[in-house]
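Beneath this line is the structure, given in structure tokens, with notes to follow.
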Amino acid sequence: MITIDDFDKVDMRVGTIIEASINKKAKKPAYKLVVDFGDEIGTKTSSAQLTVLYTAEQLIGRQVIAVVNFPPRRVAGVKSEVLILGCDSQQGTVLLNPAEIVENGDRIY
């Protein structure tokens, strides 16, 4: 169990994918994504295993929810600066996104 104070430390924001390309260095099929989180946070990169349900073209322009305050780490040669949130389902990883279009950088509570 975590406390509400622990949860409040997780900074989740909405961003829009502006670039998506196959991450050729990944052991499991993945995309290198560039996500725009607005003026305060800017653009960030991430590697995400989304190839089962999404093409790179389908990802461009899609809003996503990501944790933006983890330290960067290297994932298959990509500097992964954010963790894009999804749901493991029977059909593959499904992206989490807001039900309505919102501003890039809006915080999730």
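Find the accessible area per residue for the stretch 4-107; the probe is 1.4 Å, ligands and nucleic acids are left out, and the unit is Å².
Numbers: 6400 Å² over 104 residues.
About 62 Å² of surface per residue is accessible.
Hey, any idea what % of the chain's accessible area is carbon plus sulfur with a 1.4 Å probe? Display every interim value, and only then the final one.
Working: 3680 of 7070 Å².
Carbon-and-sulfur percentage of accessible area, whole number: 52.
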Before rounding to the nearest 500, sum -39500 (n - 2.57) across all DSSP H runs of length at least 4 in the chain and divide by the residue total; then give [θ] at 222 nm in deg cm²/dmol. -2000 deg cm²/dmol
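So which trypsin sites (Lys or Arg not before Pro) in the stretch 1-105 end up in coil per DSSP with only 10 or fewer other C-beta atoms within 10 Å?
Values: sites: K9, R13, K24, K25, K27, K32, K44, R62, R73, R74, K79; in loops: K9, K24, K25, K27, R62.
Of the trypsin sites (Lys or Arg not before Pro), the ones in loops of the stretch 1-105 whose Cβ has at most 10 other Cβ atoms within 10 Å are K9, K24, K27.
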Of the lysine pairs in the stretch 4-107, how many meet both conditions: Cα atoms under 21 Å apart, and a spacing of 8 or more in sequence or different chains? 11
Taking the dipole of the stretch 4-107 about the Cα centre (Lys, Arg +1; Asp, Glu -1; charges at Cβ), the one of A66, N104, L50 that reaches farthest to the positive side is L50
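Could you size up the charge dipole of the stretch 4-107 around its Cα centre, putting +1 on the beta carbon of Lys and Arg and -1 on that of Asp and Glu, and report it in debye to the nearest 20?
Working: 13 positive and 14 negative charges, 174 e Å.
Dipole about the Cα centre, nearest 20: 840 debye.
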Taking square-rooted eigenvalues a ≥ b ≥ c of the alpha carbon gyration tensor, is the chain rounded, prolate or oblate, where a/c under 1.5 means rounded and, failing that, a/b exceeding b/c means prolate? rounded
Chain lengthening between I60 and K79 when straightened (0.36 nm per residue, less Cα-Cα): 4.9 nm
Pick from A26, A66, A99: which is most flexible by mean-square fluctuation in a GNM of the chain where alpha carbon atoms under 10 Å apart are linked? A99
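The values are calculated or read from the model by the stated rules, or taken from the named source; none is laboratory data. Keep in mind the model is a prediction, meaning the values are calculated, not measured. When we count neighbours, we look across all protein chains shown, and the Cβ atoms used for this are built from the backbone with ideal geometry, even at glycine. Accessible surface is based on the protein model in full, side chains and every heavy atom, while ligands, DNA and RNA are left aside. Shrake-Rupley method; radii C 1.70, N 1.55, O 1.52, S 1.80 Å.
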